[in-house]
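Below is one structure; the comments refer to it alone.
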Amino acid sequence: MLPISLDKKDRMLLDLLQQDCTLSLQALADAVSLTTTPCWKRLKRLEDEGYIRGRVALLDGEKLGLGLTAFVLIKTQQHSSEWFQQFVNVVQAMPEVMGFYRMAGEYDYLLRVQVADMKSYDGFYKRLVNGVPGLIDVTSSFAMEEIKYTTALPVAL
């Protein structure tokens, strides 16, 4: 459920920007039945309040030669804040890591990794396990086909 401070026009703007962040201010204003100044003020507020974290271009991994997606599940017996910070620093410095999550359940962490091929993944894996002491289980699964991929959050209109 979205916070009450967002009205229908705010949610419409967020939805439009998720579909195409290159829309002009005029196009956004027209789509939500506002003039440009109030629309700009809403966008500025949404950015200032952190609803809009950034505006990016989504690239095609296949066309860039990054066609292998791996999901890496990690178990560790290390849970000190020093170890955690070292682990975070190592993983954040690895450009292949597209998503990094601390988990509840059987595994402690989940990584979504995008690489060119199995040889590239092997290099990534070696850097990961050699860069972070205390990993007791690193299990990888590989996507055979991407059926759905989106970055758009389900903004209730």
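Going through Val88, Val56, Val32, Val115 one at a time, which residue ends up being at negative phi, among the hydrophobic types (A, V, I, L, M, F, W, C) and modelled with pLDDT under 95? Full working, then the answer.
Numbers: Val88 fails: modelled with pLDDT under 95; Val32 fails: modelled with pLDDT under 95; Val115 fails: modelled with pLDDT under 95.
Of the residues listed, the single one that is at negative phi, among the hydrophobic types (A, V, I, L, M, F, W, C) and modelled with pLDDT under 95 is Val56.
Pick out the one residue from Val56, Val113 that is outside any strand (DSSP E or B), outside the structural domain of Asp15 (by TED's automatic domain parsing) and either touching a strand residue (DSSP E or B) at 6+ places or on another chain (Cβ under 8 Å) or within 30 Å of Lys9 (Cβ to Cβ) (or both). Give the steps one after another, and end with the answer.
Values: Val113 fails: outside any strand (DSSP E or B).
Checking each option against the conditions leaves just Val56.
Report every pair of residues separated by at least 6 positions or lying on different chains whose Cβ atoms are under 8 Å apart, first residue within segment 44-55 and over 12 Å from Cys21 (Cβ atoms), second modelled with pLDDT under 95.
Partner pairs satisfying both residue conditions: Glu49/Ser5; Tyr51/Leu6.
Exactly one of these conditions fails for Tyr149: (1) touching a residue at least 60 places away in the same chain (Cβ under 8 Å); (2) assigned to a loop (DSSP other than H, G, I, E, B). Give me its number.
Tyr149 satisfies every listed condition except (1).
Across segment 123-146, what is the total count of residues that are out of contact with any Asp or Glu (no Cβ under 7 Å at 6 or more places or on another chain) and part of a helix (DSSP H, G or I)? Quick ask: steps written out before the conclusion?
Filtering segment 123-146 for residues out of contact with any Asp or Glu (no Cβ under 7 Å at 6 or more places or on another chain) gives 123, 125-146.
With the extra rule that they be part of a helix (DSSP H, G or I), the set shrinks to 123, 125-131.
Looking only at that region, the number is 8.
Scan segment 40-53 for residues that are in a helix (DSSP H, G or I) and either more than 17 Å from Ser5 (Cβ to Cβ) or aromatic (Phe, Trp, Tyr) (or both) and report the count.
Step one: of segment 40-53, the residues in a helix (DSSP H, G or I) are 40-48.
Now drop any that are not either more than 17 Å from Ser5 (Cβ to Cβ) or aromatic (Phe, Trp, Tyr) (or both), which leaves 40.
Here the count works out to 1.
Quick one: count up the residues across segment 59-74 that are farther than 15 Å from Gly123 by Cα and in a loop (DSSP other than H, G, I, E, B).
8
Rundown of residues vs (1) more than 23 Å from Thr151 (Cβ to Cβ); (2) in contact with a helix residue (DSSP H, G or I) (Cβ under 7 Å, 6 or more places away or on another chain), yes/no style:
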position: Ala29; (1), (2): yes, yes
position: Arg45; (1), (2): no, no
position: Glu49; (1), (2): no, no
position: Lys63; (1), (2): no, no
position: Trp83; (1), (2): yes, no
position: Gln92; (1), (2): no, no
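When you check Val90 against the structure, is it touching a Lys or Arg at 6+ places or on another chain (Cβ under 9 Å), over 20 Å from Pro154 (Cβ atoms), surrounded by 12 or more Cβ atoms within 10 Å (Cβ to Cβ) and aliphatic (A, V, I, L, M), yes or no? Explain how you work it out, then say what you get.
Numbers: touching a Lys or Arg at 6+ places or on another chain (Cβ under 9 Å): yes; over 20 Å from Pro154 (Cβ atoms): yes; surrounded by 12 or more Cβ atoms within 10 Å (Cβ to Cβ): yes; aliphatic (A, V, I, L, M): yes.
Here the answer is yes, as Val90 does meet what is asked.
For segment 1-43, give me each residue that is in contact (Cβ under 8 Å) with a residue 60 or more places away in the chain and surrounded by 11 or more Cβ atoms within 10 Å (Cβ to Cβ). Walk me through how you get there before you give the answer.
Here is the first cut: in segment 1-43, the residues in contact (Cβ under 8 Å) with a residue 60 or more places away in the chain are 1-2, 8, 11-12, 14-15, 18-19.
Within segment 1-43, Leu2, Arg11, Met12, Leu14, Asp15, Gln18 meet the criteria.
Exactly one condition in (1) more than 30 Å from Arg11 (Cβ to Cβ); (2) at pLDDT 95 or above; (3) surrounded by 15 or more Cβ atoms within 10 Å (Cβ to Cβ) is false for Lys63; which is it?
Lys63 satisfies every listed condition except (3).
Look through Tyr101, Tyr125, Tyr121 and report the one residue that is closer than 30 Å to Cys21 by Cβ, aromatic (Phe, Trp, Tyr) and at pLDDT 95 or above. Step through it out loud before you land on a result.
Details: Tyr125 fails: closer than 30 Å to Cys21 by Cβ; Tyr121 fails: closer than 30 Å to Cys21 by Cβ.
Unique residue meeting the criteria: Tyr101.
The values are calculated or read from the model by the stated rules, or taken from the named source; none is laboratory data. In this text, all values refer to a predicted model and were calculated from it rather than measured experimentally. Note: ideal-geometry Cβ built from the backbone for every residue, glycine included; neighbour counts use all protein chains shown.
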